[in-house]
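Report on the structure given below.
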């Protein structure tokens, strides 16, 4: 990734971090806000909000309009991680190189901090997005659907139910399209809608986001097999330990890497053939491929 | 409560139950929708949605407009119960006379069913409420604030942190105003806003809802002490077992009953002096007093 693009991405990340810090100011009772802040302000890659901001920017020349929604999507992502890590779910001790939320604040606060983020995130969209009411309701609706039992949670439920079982490729695709794909798609579509995308551009960007979400999941599956706690920031080899079927189970390492590379190139082609001139989105696609090299 | 009023309340309850059943249709993966349905369609009193519908009806002559929001508030209430009952929280086996959600579906599904309801509820408001966009955003904002760390969850957090401690009256008031009061207030205000309430009426109804929320909590505290699993539908004597300070700790049984009666009369006076001619709201207030007699 070249330096200009890195600078641009860092600008987005800093804008998101600053805004999240502002939104999540400590109130009484302090413990719940500290717990929310702990997981949200823990230095993630911010890939979802970065994609939302860049998509809005490339279409409208301005990213500020998408900032509240981008922060909301990151809060939703963090919420899903807090609850995913609970003892009754994945029972994980580390996340982003730090102790998980319940390890620091206890289980009951971790449950409630996740719950609180789930309503605080769309609240921030309502209170801070500067756009027409009809557009605001449209992005809110997509946000809530993506967060819920039709998307993100559907993916998690099938994922948990599939542990230790031989599932078929369709089920694995369903898990990934919803567990990872839903928020990638939401990020890009939210940025596109706020950026004023027409029907054709919105549909192209939706397709781009689907390729990218799948690519990201394949790279995650590969990293779970090859990385260490240090490089990954979370416990590696979890999939195998949990008896989970992954892309590697179907394709093996070499073929998985080939498919990953193909998806990322394919995603870039969609941008090109639709005249979406975003070097940031292109390089994000390429960097997902490079994660595992 | 006279028969006309009972019939009216039953009409509201049936409308709510029918709509909730419609909204929560089973989709893939079935388990999560079954878990959501189990807790939402478990025959609660529906006092919150009934208040929302009646408030809208008394102001506009029509309750259908408030039906999606009333259902959303009931789903939010059920969500809070599912998570409240978890082993890491109150660890309760019974609710509304049935096994709690996690006892039937397991802890991970119970966590996710609660999460799913948290986004599904406002989604239903967006998709089904027939009103101006600006009004829809207003009731959504109040919904999300009430659900979150500034209200409902703030009350729960302070409640948990206070177990086994000598707390003062202000802290107890904070717990109750947020843990119970927030959704009572939300119900009445949402009905009022959708019913087209003016400033003065909205403010009177807000005050009415505050009295009622507090009265309901006092009656709950009394019932926790006096009732059985059979009459209560949930485990009694939980407060004492958890070392919780309640209204009874401050006032004793007799004084608590006196204060309860006073609050309910006071609530009715607010209706009368503001010409809010709702026999249903009046009788709900009186019935909260009668719960403990």
| request: Calculate the radius of gyration of the Cα atoms of region B:3-290 to one decimal place, then report Dmax, the largest Cα-Cα distance, as a whole number, both in Å. | output: 18.2, 53
| In nm, to one decimal, how far is the modelled label at residue A:250 from the one at residue B:258, with both set 7 Å along Cα→Cβ? | 7.2
| remark: For residue B:163, inter-copy label-point distances (7 Å, Cα→Cβ), nm, shortest first, read 2.4
| said: I need to check one value: relative contact order of chain A, counting alpha carbon pairs closer than 8 Å and at least 6 residues apart, in percent. | reply: 21
| said: Given the DSSP H assignment, sum -39500 (n - 2.57) over each helix run of at least 4 residues in chain A and divide by its residue total; what's the result at 222 nm in deg cm²/dmol, nearest 500? | reply: -24000 deg cm²/dmol
| note | Rounded to the nearest Å, the spacing of the alpha-carbon centers of region B:185-256 and region B:108-159 is 20
| request: Just need the relative contact order of region B:146-219 here, percent rounded to a whole number, with Cα pairs under 8 Å and 6+ apart. | output: 34
| task | Determine, from the Cβ-Cβ distance of residue B:228 and residue B:10 and an R0 of 25 Å, the FRET efficiency 1/(1 + (r/R0)^6), rounded to the nearest 0.05. | result | 0.45
| query | What are the nm distances, shortest first, from residue B:4 to its equivalents in the other copies, labels at 7 Å along Cα→Cβ? | reply | 7.7
| remark: Inter-chain shielding metric for A:105-112, i.e. average beta-carbon neighbours from other chains within 10 angstrom, reads 6
| request: Ignore the peptide's own chain and count Cβ atoms of other chains within 10 Å of each Cβ in A:137-144; give me the average, rounded. | output: 5
| Among A:247, B:251, which comes first, then next, by fewest other beta-carbon atoms within 10 Å? | B:251, A:247
| Quick one: label points 7 angstrom along Cα→Cβ at residue B:286, distances to the other copies in nm, smallest first? | 7.7
| query | On alpha-carbon atoms, Rg over Rh for the protein assembly as shown using Kirkwood Rh? | reply | 0.99
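Here, each number is a calculation from the coordinates, and none is a lab measurement. These numbers were taken from a predicted model, which means no experiment stands behind them. So basically every Cβ, Gly included, is an ideal-geometry build from the backbone, and we count neighbours across all protein chains shown.
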